[in-house]
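The values are calculated or read from the model by the stated rules, or taken from the named source; none is laboratory data. Remember, it's a predicted structure, so these values are computed and weren't measured experimentally. Reconstructed Cβ throughout: ideal geometry from the backbone, glycine too, with neighbour counts over all protein chains shown. Side chains are part of the model used for accessible areas, which takes the heavy atoms of the whole protein and leaves out ligands, DNA and RNA. Shrake-Rupley method; radii C 1.70, N 1.55, O 1.52, S 1.80 Å.
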Amino acid sequence: MRRRSLLTVAAAAGALVVSEAAGASAAPVRGPVATRYLGVFQEKDPTATAADVSRQYGVTPASVMWFDSWASGRAFPVTEARQLWRRGIMPHYTWEPWNTALGVNDPAQIHLTDIIDGAWDGYISARAREFAAVRLPVLVRWGHEFNGNWYPWGIANNNADPSLYVRAYRHVHDLARAAGARNVQWVWAFNNGSSPDEAYNDPAAAYPGDAYVDWVGIDGYNWGFGPSWDPAGDHWTSFEAAFATAYAKARSVAPKRPVMLGEFASTEDGGDKARWLGDMDTALRSGAFPDLKLLTYFDVIKEEAWSPGSSPAARAAFTAWVQQRYMKGRGHELARVAAHYARSR
């Protein structure tokens, strides 16, 4: 899995803007604190991640996320997915339609038109039969961050035409359903800032429709000071500022679907990471972002020191957050959230 190498300053600045509408959508609500669910990504096998989270932070996550790219040809790990469920953990599979050995614009790269035209139908159906073999719910996040320019399936790299993304998403979904993968909960996930920030790149234009989406996902990070894409820039931002506008977008596009953070984390550079995590905890306990149910933390040292273990203070703050009562939701409860929204909204 290759992370983005470029994020424009305009997109980052957009993530800092909290509009009046966004602020209202993210505002605290009265009443008991709603249950939230912890997801974690580490660069390990899924079952190893589950064990590591339990050992390091003293909790069992509700879900564990991992990545795979289409060109790898790897089978979906049915046995590991079942092992996760034996521990009460919902599998979360980020399914990336690209060849990581090739550049984004390499002519031999996988393109959305290849998917639409059926070039990958056999591969899709084979993986779908493996999803079905789990016989328990699986989150599948396909073609995430499509409103960025760092992946080959991004709208910016496909003739600036969001309809191609919609057609490809629906094609994959329909093939998987036809192959028996009715246990999949489909995650449509956009980045919290579009790059480039143009009208064609509005996530709303690429929504496949409620019949194809079970969860709306948002990816975003507190990049802090001097990220690789802007070495002299200060992009430190709070949790609420990073996600309020994108959350409002998610609610307006798909009000009958729950929201997740498919990836999120904070760096140590440019501010107090422990305080950032504590402020996030305070906001969530207050009832802000009421339809944000699953939060998947990017527990790695990669472009930045995202991991909670980047400092003793950050580790303590993260551990305190995940051990809050409202964060104790389990995988079997998480698996029922999407159906509840579809019925009740």
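Under 5 Å from the amide H of N191 lie the amide H atoms of E145, F146, N147, G148, D219, each residue being 5 or more positions distant or on a separate chain, with H modelled from the backbone and absent for Pro and chain starts. For the chain, the 222 nm mean residue ellipticity estimated from helices alone, with every DSSP H stretch of n ≥ 4 adding -39500 (n - 2.57) and the total spread over all residues, rounds to -11000 deg cm²/dmol. Taking the protein heavy atoms of the stretch 36-344 in the context of the full set of protein chains, the accessible area attributed to carbon and sulfur is 47 percent at 1.4 Å. Largest GNM mean-square fluctuation among A313, A244, A232, using the chain with Cα springs under 10 Å: A232.
Each residue of the chain gets 120 Å³ once the volume of the Cα convex hull is shared out per residue. The simple spin-label model puts a point 7 Å past each Cα toward its Cβ; for T79 and D272 those points are separated by 4.9 nm.
For the chain, the residue among P196, F67, F225 whose Cα projects farthest onto the positive side of the dipole built from Cβ charges is F67. Measuring only protein heavy atoms, the 1.4 Å probe finds S310 accessible over about 40 Å². Each residue, Y123 and S286, gets one label point 7 Å from its Cα in the Cβ direction; the gap between the two is 4.6 nm.
Using a 10 Å cut-off on Cβ atoms, rank the peptides 267-279, 211-223, 105-117 from the highest mean neighbour count down.
211-223, 267-279, 105-117
Averaged over its residues, the stretch 36-344 has an accessible area of 35 Å² per residue, based on protein heavy atoms and a 1.4 Å probe. Computed 3J(HN,Hα) for the stretch 144-158, one whole-Hz value per residue from the Karplus formula 6.51 cos²θ - 1.76 cosθ + 1.60 where θ = phi - 60°, is 6, 6, 5, 8, x, 10, 9, 10, x, 8, x, 4, 4, 9, 9, glycine and proline marked x.
When the chain is treated as a Gaussian network with alpha carbon springs shorter than 10 Å, the biggest mean-square fluctuation among G209, G73, G180 belongs to G73. Among R315, R86, R285, the largest mean-square fluctuation in a Gaussian network model of the chain, built with springs joining Cα atoms closer than 10 Å, belongs to R86.
Across the chain, the relative contact order, built from alpha-carbon pairs under 8 Å that are at least six residues apart, equals 24 percent. Excluding same-chain neighbours fewer than eight residues apart, the lysines reachable from K328 by a Cα-Cα span under 16 Å are K293.
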